[in-house]
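Down below is the structure, laid out as structure tokens.
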Amino acid sequence: MPVKGVVFRLKGEFPVEVTSLLEDFRLAVNSAVRAGLQARVTSRNALTRLSYSDFRKEHPKMYAQHLVSAFEVAGSVLKNHRRRVRRGNAGRIPYIRRLFMKAENQAYKLDRVNGVVDLPIRAGCHVMLKLVLSDYHRGYLSDPSFTLGSLTLFPNRAIIAFRKNAPKPYAPEAALSLDTNERSLDGVLVRGDSAVVLKAEFPEIAMIQRRHHDKRKKLQKKKAHDRRTSRRLCKREGNRERHRIEHRLHQVANAVLSFAENQKSAVVLEELKGFKPRRNKELNRRLSLWPRRKLHQIIEYKAQWRGIPVVKVDPRYSSRTCPICGRIQDSRMGAEFECECGWHLDRHINASLNLLRTAISKGMAGGLRFNPGAFQHDVMMILYEPAMAARSEPNGTSDAGGTA
Ligand SMILES: [Zn+2]
């Protein structure tokens, strides 16, 4: 069931009772994290068994649901920490500084007409929090098909998770197969006997990454004498970078999915493999992989929300296989894939054809047939490019077009 977090600002003064609840919550999370580290457990249940009674003694009146939810937050903090330890880049023992709390949907009430959150603090004490509402927010509140998920509360805002029963994906009439590369998605749309080559370009993402990488390096050098400041500034740089990149990835995903939806097409993507960096050099490489992962994540999430079928396939040999005769080439090609049987095609487009072939042979793309012979178009469609608004007509010719 897809979930969407909607951010609400809060009206008026933040009640004192809630501030102290947030402080208690933070205390509970941090002490559960410490207890969990000592006892080497990360699950919510184990943490609850471990710390519940102790914490209960110190805070006898705190609403029990909030306490359980604090252990849940502690559990995910511990899991992230453990993952970093496994990768060999663990920092210090995790400690939550910022004030916030999470309440599951049973632990608060929401007046969806007036936008008021009713939050229990302890037995006999409730606080009403008024939300600032815009049309965007009212859209979520007034639509009964959205059910309420958790509430995450900060001193200046609240994030409410809305869940929706995902619409059943439509039966695809076409397939949009995309090979994910550092600067673009490249692929084909196949429908019946015709195929179109297409591309969604995002060269600026690699540029943003490089720029921020250099900036962080410079910061580290300049603030080498002050590690705390250096770390703080680097983190800020990292957040800016992430926001910039994610903003663009959302646009790319929207363009791809709107096109797929119009065509009643399934989207075929490759399964991106896990990658474990062993040295620093490899960490740099990993940096360029996360936008692609993130892009897939965004596409899958949005597609689920909109009822667009997405198929993920194993990309093994997809860049070295000939989709016509099935021969596997020994080494990777240059820009152009060439086969002894005479087939030749742009390397990335060829890879996307192989993804499509895998999806169809496994019956994952409905009743579509794989017919590369239809693949004669030489006009490339641009689904997305940085200057999208300025130019929307097809972008000249490409060297796509086989000999089949
Ligand atoms: Zn061949």
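If I take every Cα pair under 8 Å that is 6 or more residues apart in the chain, average their sequence separation and divide by the length, what percent do I get for the relative contact order?
Worked out over the chain, it gives 17 percent.
Name the residue from 190, 25, 251 whose Cα lies farthest towards the positive end of the charge dipole of the chain, charges +1 on Cβ of Lys and Arg and -1 on Cβ of Asp and Glu.
Farthest towards the positive pole: 25.
If you count, for each residue, the other Cβ atoms within 10 Å and average over each peptide, how do 179-190, 219-230 line up from highest to lowest?
Numbers: 179-190: 22.7, 219-230: 11.9.
Descending packing order for the listed peptides: 179-190, 219-230.
Looking only at Cβ-Cβ distances, which cysteines of the chain have no other cysteine closer than 4.7 Å?
125, 234
Using +1 on the beta carbon of Lys and Arg, -1 on that of Asp and Glu, and nothing else charged, what's the dipole of the chain about the Cα centre, debye to 20? List each step's numbers first, then the result.
On the way: 75 positive and 39 negative charges, 577 e Å.
Roughly 2760 debye, rounded to the nearest 20.
Once Lys and Arg get +1 and Asp and Glu get -1 on their Cβ, which of 136, 59, 344 lies farthest toward the positive end of the dipole of the chain?
59
May I ask for log10 I(q)/I(0) of the chain at q = 0.09, 0.10, 0.14 Å⁻¹, from a Debye sum over the Cα atoms as equal point scatterers with solvent left out?
-0.73, -0.87, -1.29
Taking 2.2 N^0.38 Å as the expected size of a compact globular protein, what ratio does the Cα radius of gyration of the range 53-134 give against it, to two decimals?
1.42
Given the Cα atoms of the range 305-349, and with Rh set as the inverse mean 1/r over their pairs in the Kirkwood sense, what is Rg to Rh to two decimals?
That ratio equals 1.13.
How do 6-19, 252-265 rank on mean C-beta neighbours within 10 Å, highest first?
252-265, 6-19
Kirkwood Rh over Cα pairs of the range 87-161 into Stokes-Einstein at 25 °C, 0.890 mPa s: D in µm²/s?
172
Please report the relative contact order for the range 1-94, taking Cα pairs under 8 Å with a sequence separation of at least 6, and give it as a percent rounded to a whole number.
Relative contact order comes out at 30 percent.
Most fluctuating residue of 247, 348, 296 in a GNM of the chain with Cα springs under 10 Å: which is it?
Per the Cα network of the chain with a 10 Å cutoff, 247 tops the list.
What is the helix-to-structure angle for 280-306, meaning the angle in degrees between its Cα long axis and the longest Cα principal axis of the chain, kept from 0 to 90 and rounded to the nearest 10?
Taking the Cα atoms of the chain, the angle to 280-306 is about 90 degrees.
Let me test this: with uniform point scatterers at the alpha carbons of the range 5-87, what is the Debye-based log₁₀ I(q)/I(0) at q = 0.17 1/Å?
The calculated log intensity ratios at q = 0.17 Å⁻¹ are -0.71.
Which entries of 102/215; 79/130; 130/164 have Cα-Cα distances beyond 30 Å here?
On the way: 102/215 35 Å; 79/130 34 Å; 130/164 24 Å.
From the list (102/215; 79/130; 130/164), the Cα-Cα distance tops 30 Å for 102/215; 79/130.
For the chain, what is the calculated [θ] at 222 nm in deg cm²/dmol (nearest 500), taking -39500 (n - 2.57) for each run of four or more DSSP H residues and dividing by its residue count?
The helix-only estimate for the chain comes to -14500 deg cm²/dmol at 222 nm.
Between the alpha-carbon centers of the range 117-193 and the range 16-73, tell me the distance in whole angstrom.
28
Every read-out reported here was derived from the displayed coordinates using simple, explicitly stated rules and does not represent laboratory data. Computed from a predicted structure; not experimentally measured. Cβ sites come from the backbone with ideal geometry, for glycine too, and all protein chains shown count toward neighbours.
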